[in-house]
Amino acid sequence: MKFFIDTANLEEIAEAQALGVLDGVTTNPSLMAKEGITGEANILAHYQKICDIVEGDVSAEVISTDFEGMVKEGEALAALHPQIVVKLPLIADGIKACKYFSDKGIRTNVTLVFSAGQALLAAKAGATYVSPFLGRLDDISTDGLNLIAEIRQIYDNYGFETQILAASIRHTMHVIDCAKIGSDVMTGPLSSITGLLKHPLTDIGLAKFLADYKKGNQ
Ligand code: E4P
């Protein structure tokens, strides 16, 4: 399973990259705003900085909601760097734009997916990635993991190459459950990755190994 980090914070991206397990980055307009990145030129420059830190795919989301606007924005984003993946919302014009970009060989991430039917549409439009929002479904007492499982089954039934990018990951158990289901990618906060390191028996065991070494090597 690929690990993407879901942030526009350069320090966090660098920390995840330094761990050696990072495969890419996802951003969205809210995450960019959180970092105070505003204005087209600053936004493009920030994507460039992210691409300089990581080696993998960097999802950059369009703001337009009409086909022509999405195509214009997406082409500018894709031209910025080969690592950029154009992120499009799952609305009718987003699906049209996804088909347009996939026909041109430009990679896409169809976002804001909350149903298996939406994921089927994105795959038919040739999306590189589809982003079902697991945590936001859980937030409204709906089984987000079940959606990942449904999409996995549908894509496997027909051999769709669209990769399932489990998004809106909130914690380590989401990561593990998505891996069990067979999600191709997960994107979450830094804590969802570094949290996987933690186990008290690892800490206790290491302390004992080091203490025993010290005793025998005084
Ligand atoms: C997906 O690409 C989104 O950026 C993201 O995962 C949304 O997560 P949230 O529900 O925690 O905002």
Among what's in segment 156-180 and is buried (at least 19 other Cβ atoms within 10 Å of the Cβ) and among the β-branched types (Val, Ile, Thr), pick the residue that is farthest from the ligand (Cβ to nearest atom). Thr162
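Within segment 198-208, can one find any residue that is away from the ligand (no atom under 11 Å from the Cβ), part of a helix (DSSP H, G or I) and polar (S, T, N, Q)?
Kept after step one, since they are away from the ligand (no atom under 11 Å from the Cβ), are these residues of segment 198-208: 198-208.
Going one step further and asking which of them are part of a helix (DSSP H, G or I), we end up with 200-208.
Subsequent filtering for residues that are polar (S, T, N, Q) retains 202.
Yes, segment 198-208 contains a residue that is away from the ligand (no atom under 11 Å from the Cβ), part of a helix (DSSP H, G or I) and polar (S, T, N, Q).
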Could you look through segment 4-37, keep only residues that are closer than 16 Å to Val62 by Cβ and hydroxyl-bearing (Ser, Thr, Tyr), and pick out the one that is nearest to the chain's Cα centre (by Cα)? Thr26
Starting from residues that are in contact (Cβ under 8 Å) with a residue 24 or more places away in the chain and more than 16 Å from the ligand (Cβ to nearest atom), keep the ones in segment 125-155 and report whichever is surrounded by the fewest Cβ atoms within 10 Å (Cβ to Cβ). Ile154
Residue by residue through segment 171-210, note down the ones that are under 19 Å from Ala16 (Cα atoms) and among the charged types (D, E, K, R). Asp184, Lys198
Is at least one residue of segment 113-122 within 16 Å of the ligand (Cβ to nearest atom), touching a Gly at 6+ places or on another chain (Cβ under 8 Å) and without any contact (Cβ under 8 Å) to a residue 60 or more places away in the chain? no
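Examine segment 74-91 for a residue that is farther than 28 Å from Cys178 by Cβ, modelled with pLDDT of 95 or more and touching a Phe, Trp or Tyr at 6+ places or on another chain (Cβ under 9 Å), and state whether such a residue exists. Explain how you work it out, then say what you get.
The initial filter retains those residues of segment 74-91 that are farther than 28 Å from Cys178 by Cβ, namely 75-76, 79-80.
Add one more test, that the residue is modelled with pLDDT of 95 or more, and what stays is 75-76, 79-80.
Filter once more, so that each one left must be touching a Phe, Trp or Tyr at 6+ places or on another chain (Cβ under 9 Å): 75, 80.
There is at least one residue in segment 74-91 that is farther than 28 Å from Cys178 by Cβ, modelled with pLDDT of 95 or more and touching a Phe, Trp or Tyr at 6+ places or on another chain (Cβ under 9 Å).
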Tell me which of these Gly105 doesn't satisfy, since it passes every other one: (1) over 15 Å from Met70 (Cα atoms); (2) without any contact (Cβ under 8 Å) to a residue 40 or more places away in the chain; (3) buried (at least 19 other Cβ atoms within 10 Å of the Cβ). (3)
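The values are calculated or read from the model by the stated rules, or taken from the named source; none is laboratory data. The shown structure was predicted, so the numbers you read here are calculated from the model rather than taken from an experiment. Neighbour counts run over all protein chains shown; Cβ positions are idealised from the backbone, glycine included.
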